[in-house]
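Only one structure is covered here, and it is reproduced in the block below.
The values are calculated or read from the model by the stated rules, or taken from the named source; none is laboratory data. Since the structure is predicted, the reported quantities are computational estimates derived from the model, not experimental observations. Cβ atoms come from the backbone with ideal geometry, glycine included; neighbour counts cover every protein chain shown. Just so you know, the surface numbers come from the protein's heavy atoms only, side chains and all, with ligands and any DNA or RNA stripped out. Shrake-Rupley method; radii C 1.70, N 1.55, O 1.52, S 1.80 Å.
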Amino acid sequence: GRTQPSPVVLIVKVSRQGKTLALRTRQASNDPAFTRAVESYAQGMSWTPAMREGQPVDGWTQAPFQPDTP
C-alpha cells in the first residue's frame with residue numbers, strides 16, 4: 001500500500017489576536033506535498049494566543065500535524 005506521510009512539526013508565531021504571523025517548519029514530512037498542505041493550512045488557522053499576566057501576547061507555539069489515516 002501507499003506509505004503514510006510522516007508528520008510535520010511547525011513552529012508558529014501567533015498574534016495576540018490568535019492569527020498566524022509567521023511559520024517555521026521544524027520537521028518536514030517525507031512527503032513534500034503534505035508539508036506544503038500543512039504550511040498552507042496553518043496560515044489560515046485560528047489559535048489560542050499565549051497569555052502573560054492575564055493579557056494575550058504574541059508568542060511562538062509548536063504544532064505537530066499528523067496525516068489523516070484512511
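At-a-glance table
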| item | result |
| --- | --- |
| In segment 15-26, residue least open to solvent (accessible area, probe 1.4 Å) [restricted to those that are touching a residue at least 24 places away in the same chain (Cβ under 8 Å) and within 30 Å of residue 3 (Cβ to Cβ)] | 20 |
| Test: residue 2 is open to solvent by 30 Å² or more (accessible area, probe 1.4 Å), among the charged types (D, E, K, R) and modelled with pLDDT under 95 | yes |
